[in-house]
Amino acid sequence: MPIQGLDHINIHTSRLEETLRFYTRLLDFQEGFRPPFDFPGAWLYAGERAVIHLVERQGVSEGVENPVDHVAFETTGFDQTCKQLEDAGWDYQTADVPATNIRQIFLMDPNGVKLELNFNK
């Protein structure tokens, strides 16, 4: 499972429009394609890559120590990675991103940081 690079950072917010304006107007990210998920959000692009994923969640911004939900890596070897995790006894979940060719593995690191591993099918 060679990691190819950082894929994106996911931020939960109860102020989606304000957060979207901040990143697009002040930092020049461009809002772009986002798969048809069943929850509100936006993907912000730097060039051709969606590097910030915003997800609207009510009650998140006030009093939350860290609204960063997860860190995602682009990688290869889906089946091999699943086997490695199973052999190690590590809990994980899988998902397919709608309207794309991306499969995902979600797991927690030993510090409680949620990791998302993205694989092209």
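Laboratory data are not the source of any read-out in this text; all were calculated from the coordinates shown. Being a predicted model, the structure only gives us computed values, none of them experimental. FYI the Cβ positions are ideal-geometry reconstructions off the backbone, even for glycines, and counts take in every protein chain you see.
Between region 23-41 and region 73-102, what is the separation of their alpha carbon centroids in Å?
Cα centroid of region 23-41 versus Cα centroid of region 73-102: 25 Å apart.
Taking region 1-93, which chymotrypsin sites (Phe, Trp or Tyr not before Pro) meet the DSSP loop condition and have no more than 13 other C-beta atoms within 10 Å? Please report the intermediate quantities before stating the final value.
On the way: sites: 22, 23, 29, 33, 37, 43, 45, 73, 78, 90, 92; in loops: 29, 33, 37, 90, 92.
Hits after loop and neighbour filter: 33, 37, 90.
Pairing the Cα long axis of helix 78-87 with the longest principal axis of the chain, what angle in degrees results, from 0 to 90 and rounded to the nearest 10?
Approximately 70 degrees, to the nearest ten.
Averaged over all directions, how much area does the convex hull of the C-alpha atoms of region 3-120 cover when projected, in nm²?
Result: 8.1 nm².
Hey, can you grab everything whose amide H is under 5 Å from the amide H of residue 41? Only 5+ residues off in sequence or another chain; H modelled, so Pro and N-termini drop out.
So residue 41 has HN proximity to 56.
As a test, work out the antiparallel percent of DSSP beta bridges whose residues both lie in region 3-120, rounded to the nearest 5. Could you put the intermediate results ahead of the total?
On the way: 27 of 36 bridges.
Restricted to region 3-120, the bridges split so that about 75 percent are antiparallel.
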